1. Is there a residue in the stretch A:17-27 that is among the polar types (S, T, N, Q), surrounded by 15 or more Cβ atoms within 10 Å (Cβ to Cβ) and touching a residue at least 60 places away in the same chain (Cβ under 8 Å)?
2. If you take the residues of the stretch B:29-61 that are touching a strand residue (DSSP E or B) at 6+ places or on another chain (Cβ under 6 Å) and part of a helix (DSSP H, G or I), which of them is farthest from the other protein chains (Cβ to nearest Cβ)?
3. Could you say whether any residue in the stretch A:4-25 is part of a loop (DSSP other than H, G, I, E, B), touching a His at 6+ places or on another chain (Cβ under 8 Å), more than 28 Å from B:S19 (Cα to Cα) and of a type outside the set (F, W, Y)?
4. Within the stretch B:302-321, can one find any residue that is within 24 Å of the chain's Cα centre (by Cα), in a helix (DSSP H, G or I) and either modelled with pLDDT of 80 or more or of a type outside the set (K, R) (or both)?
5. Have a look at B:D185, B:D238 and point out the one that is of a type in the set (D, E) and under 24 Å from B:A107 (Cα atoms).
6. Go through the stretch B:520-537 and give me each residue that's over 39 Å from the mean Cα position of the chain (by Cα) and either more than 28 Å from B:W410 (Cβ to Cβ) or outside any helix (DSSP H, G or I) (or both).
7. Go through (1) loosely packed, with under 15 Cβ neighbours inside 10 Å; (2) of a type in the set (S, T, Y); (3) in a helix (DSSP H, G or I) for B:Y109 and report which single condition fails.
8. For the condition at pLDDT below 70 and either within 26 Å of B:H308 (Cα to Cα) or in a loop (DSSP other than H, G, I, E, B) (or both), what is the one hit in B:P406, B:P352, B:P387, B:P399?
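The values are calculated or read from the model by the stated rules, or taken from the named source; none is laboratory data. Just so it is clear, the structure is predicted and the values come from calculations on it, not from any experiment. Cβ: placed from backbone, ideal geometry, glycine included. Neighbour counts: every protein chain shown.
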Amino acid sequence: MSKKTLTLMSKDKQLFNIEEHLAVQSVTIRNMVKEDGASSVIPLPRVDSETLALVIEYLNRQQAPEEDEDYVKKFVDERGEIPTLLELAQAALDLDIKKLMDAACMKVADLIKDFTLEEVREALRIENDRTPEEEKAIRDEFQWAF
Amino acid sequence: MDFDHENVRPMMNEDRLSSLPDELIHRILSSMESKHVVQTCLLSSRWKFLWTSMPYLNFSSDYFANLPKFSKFVTHFLANRNPQTEVTSLKLTFHGAASQFFVRRIADYVMAHNIQELDVVINPKRHHEFPPRFFSSRSLKSFYFRSIFPLPYLIPKTPWDFPALTSLSLQHVTFREDKTDKYLDLFSKCVNLKYLKLHLFSADDVEVFDIITPQLTNLIITCSDFQVLNLIAPQLEDLTVINCSMDKLNAPPGLSCLRFSGGYPLQLSEVGFHSLEKVTIHLSMYRARKPYVKEVARQTIDMLQEVHSTRHLSLNLDVVEIFKCIFNIFISLIFVQCISAFPGLILFLPSPFIDLICVNIDICMRKDAYKAKISDEAKNFLLGNSPSATFIMDLPEAPPPKPKKPREGWGKKKARLFAEIANHATEFQAYLEMVRSHSGTKDRVKTVFRNLMEELRQANESVDTEMQVYQEPRARIKACLEEMWAMVNQEKDEVLELFAKKRLVRSMLDKLPKQQRAEIEPLYSGKLAESGPEMDQLFREHLSAARTADGYEKYLDYEITKYPDVSVSNVPPAASQPSSSSSLATDSTFVRDL
């Protein structure tokens, strides 16, 4: 008897197959399956194909439960680029795969922890929309934290 | 700042993290200390108030120059935080008294915000009362409470009120101050507790310590002391007891897995376990080569009889590793040898085990495991009633015998030994003179420290708002610490070597046959005895120097926080200057006190 397979569709309309019992590690997919018995294709309009491929790789892992913590750490370690990790975290959040989201976020935190303010802005592509004077004002407002 | 060039970038370069949901940002910030989290308000307008709705709090007094500053920060943080946001988790690390205002303030706040996970690390100073508020919550699910030192502090001794708690871990908790308690029950109101871990938990002044937990399934107790430990936990499946001292353990009959490791066998209550699946018993004694005494052997057999219904049994042939680490003494006790050493004890005893599937004799890393033998009586005792059980004891092969050296003539040997002794004795004298000439390390350490304080004072006077000014004092403090410890460590090596040399000469003399010893000993014994008091003095001086350096190090650890490390901090230090006048006052008092 063959196992039931689901098809996931990425933002850029690529299709990915995955066995249902693995896919339902995602709480979002589990709920969809429960609701409508999972129609043939599940669209994931916010996840691009590269990220979805990573998520599928993670869901397909064959790990004993006690090694799982180490596996997910290693999994994100090997994808140590901040933009990739952020996409992965976002996808894991949407799909409600808590372990993967936590691990990706922790890895990002670890990468930026020694950064200066300007480096954090650059790494996370945050645009500084304040003038130096405004920044000084914020500093004064929260002077108890500096 | 010019960001114009960024506008021409394609759209994919938008503020990626800022476009992420708050939930994700909070998760990314969750491992950071709260002070740094607040500092992210500088990043951009969107970030100004992001921190105020963080559900994960992480306060640590380590990031503040002193406790009043930490307390002030906590007050501001909580006052500015969005009160609508619940607190999912709190990690609190602080030193000093648990009765400080901020401890109560934080406890009140998080308990009122439906805290679920609590992790408290304390570094207590004296007998201070912990706010009872920390031990009562309707929402708390996981609680990790540990102290860095085993100092007694006062925590509530009435049952802690955590109806939703499922996981609890306590470390370095001591109940010592009050000998009047006969019974102690802390957990009976934790009606949903499933996992409990006690490490370095001392309740040995209490006659009976009760663990009354209707839902508990896993219990791990390590390095803890009790008189009688009473487990009223009908759901308990897994029990691990490692290196604990207890007179008696009353375990629930439904237990399925027992792991025990320790110096002496455990006295188990006679409950009649009915669901035992796996039992592991590792015994060790740290008194080298002490034979198994009969009383202990009897207790061991009693313990085995209590667990007779198990299906899998694992016994060790080795020492328990933790003991090896602590005492670093070769521990010579083979569990199976206990049963083998007193065959009389078991000769007429039928095997208590009725339903064994597997017996495993654990060899671990014993060097002499190849010598182990298990007597027929012992084997019969274990397996007599379980003929089909598997017996596993994989002994390693014996190492190849050492090649024998040809014997040298006694005359030659004697001359060689005498020459060696003379040689070592000369070296000992030379060492003694060297250590003597190097004395005064303490004064040198003091000088280095005073020079540093003077440099820092000058640096403080010339301090301006430029941030690189912080780097230099930091580097100097670090260099000074290194220099101090290099001096102390060199002295330590020399002193230790000196003592080793003396011992070597002494032991070589002691090993000589009587006649030769009488012949040569008078040459050295006077000098060796004479050096005793001086060496003791040198050793005391060294300890004193080490203590002094240690004291300076603690002081400088604190001092260094005044010079923020701008190379790693993600936010440059505030424009405000360190208050040089006040710190100077403390510095000079400190130096004068020495």
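1. Yes, that holds for at least one residue.
2. This residue is B:S61.
3. Yes.
4. Yes, there is a match, as at least one residue in the stretch B:302-321 is within 24 Å of the chain's Cα centre (by Cα), in a helix (DSSP H, G or I) and either modelled with pLDDT of 80 or more or of a type outside the set (K, R) (or both).
5. Just a single option satisfies the conditions, and that option is B:D185.
6. B:A529, B:E530
7. Tallying (1) loosely packed, with under 15 Cβ neighbours inside 10 Å; (2) of a type in the set (S, T, Y); (3) in a helix (DSSP H, G or I), B:Y109 fails exactly one: (1).
8. B:P406
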